[in-house]
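J.: Dropping a structure here in structure tokens format, bear with me for questions.
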Amino acid sequence: MSAVEYFRIGEDAPVPDIASYAPFRAVVVLEMPCSTDWQNLVSEWLVESGCLYMMAWGEGCSSWDDSVDWANLEQFSYGDIPGEKFVMTTWHEHQSLDEVFWCAGFCARHPDVELSSTLIIHVSPTARRSEMLARFEAAQNKG
């Protein structure tokens, strides 16, 4: 199992430097609404920081799938994306968060690159680091 880390983000603060975790998968847990402009900035931040597999869950998660896809395309001027730079994206509006955490641990694989880390990106007004990390770990221990 790769390393797992937690970051709470919101429009109220700058995003942290996460590039040292690259290449990584990100589970974006959406628990509050955000502006389209901020969502696009976060999507660009994820792609530029080395996210190669993004799983979105929660409020408006399907739009995150699209915004990360667009950020990945923009990174290569809307041309061909090399396989090792292609960002896999999924959204999970009909699954529980625990199911998404399980999928992150057991199913979210990149076809060309070994992902060294899993980042929980929590879009929320309040941080819940201990809870989210415990839920992720518990999901990895389910059948």
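The values are calculated or read from the model by the stated rules, or taken from the named source; none is laboratory data. For clarity, every value in this text was computed on a predicted model and none was experimentally measured. Here the Cβ positions follow ideal geometry from the backbone for every residue, glycine too, while neighbour counts run over all protein chains shown. For the accessible areas, the whole protein counts, side chains as well, though only heavy atoms, and no ligand, DNA or RNA atoms are used. Shrake-Rupley method; radii C 1.70, N 1.55, O 1.52, S 1.80 Å.
J.: Excluding ligands, DNA and RNA, what is the solvent-accessible area per residue of the chain at a probe of 1.4 Å, expressed in Å²?
T.: Computed with neighbouring chains in place, this is 50 Å² per residue.
J.: Turning to a different aspect of this structure: Along the Cα→Cβ direction, 7 angstrom out, place labels at Ser124 and Ala138. What is the inter-label distance in nm?
T.: Placing both labels 7 Å along Cα→Cβ, they lie 1.3 nm apart.
J.: Moving to a separate point now. Please give the FRET efficiency for Asp12 paired with Asp66, using the beta carbon to beta carbon distance and R0 = 30 Å, rounded to the nearest 0.05.
T.: Working: r = 24 Å, r/R0 = 0.80.
Taking R0 as 30 Å, the efficiency between Asp12 and Asp66 is 0.80.
J.: Just the number, please: Stokes-Einstein D of the stretch 75-143 in µm²/s, Kirkwood Rh from C-alpha pairs, 4 °C, 1.567 mPa s.
T.: For the chosen part, D equals 91 µm²/s.
J.: For every helix of n ≥ 4 consecutive DSSP H residues, a contribution of -39,500 (n - 2.57) applies; sum these over the chain, divide by its total residues, and give [θ] at 222 nm rounded to the nearest 500 deg cm²/dmol.
T.: -11000 deg cm²/dmol
J.: Placing +1 on the Cβ of each Lys and Arg and -1 on the Cβ of each Asp and Glu in the chain, which of Leu119, Ile18, Leu133 has its Cα farthest towards the positive end of the resulting dipole?
T.: Farthest along the dipole direction, towards plus: Leu133.
J.: So what are the three principal axis dimensions of the chain from its Cα atoms, in whole Å, longest to shortest?
T.: Extents along the principal axes: 40, 34, 30 Å.
J.: Distance between the C-alpha centers of the stretch 25-51 and the stretch 66-85? Whole Å please.
T.: Taking the Cα centre of each part, the stretch 25-51 and the stretch 66-85 sit 15 Å apart.
J.: In addition: Mind telling me which of Gly105, Gly83, Gly50 comes out most flexible in a GNM of the chain, alpha-carbon contacts under 10 Å?
T.: Gly83
J.: Let me ask something else. Pulled fully out, how much extra length does the chain show between Asp37 and Glu99, if you take 0.36 nm times their separation in residues and subtract their Cα-Cα distance?
T.: Here the segment from Asp37 to Glu99 would lengthen by 19.4 nm.
J.: Rg and Dmax of the stretch 40-122, using alpha carbons, in Å: what are they?
T.: Cα-based Rg and Dmax for the stretch 40-122 come out at 12.4, 36 Å.
J.: When 1/r is averaged over all different Cα pairs and the result inverted, which Kirkwood radius in Å belongs to the stretch 55-97? Let's see the in-between values first.
T.: On the way: mean 1/r = 0.0899 Å⁻¹.
Evaluated on the stretch 55-97, it is 11.1 Å.
J.: Next question. Sticking to Cα atoms, compute the Rg of the stretch 1-83 to one decimal and its Dmax as the biggest Cα-Cα distance, whole number, in Å.
T.: For the stretch 1-83, the Cα radius of gyration and maximum Cα-Cα distance read 12.5, 35 Å.
J.: How large is the accessible surface of Val15 in square angstrom, using a 1.4 angstrom probe and rounding to the nearest 10?
T.: Answer for Val15: close to 60 Å² accessible.
J.: A further question on this structure: Under the rule of at least 5 residues apart or a separate chain, name every residue whose amide H is placed under 5 Å from the amide H of Met54.
T.: Residues meeting the criterion, in which the H sits 1.01 Å from N, are Ala26, Met88, Thr89, Thr90.
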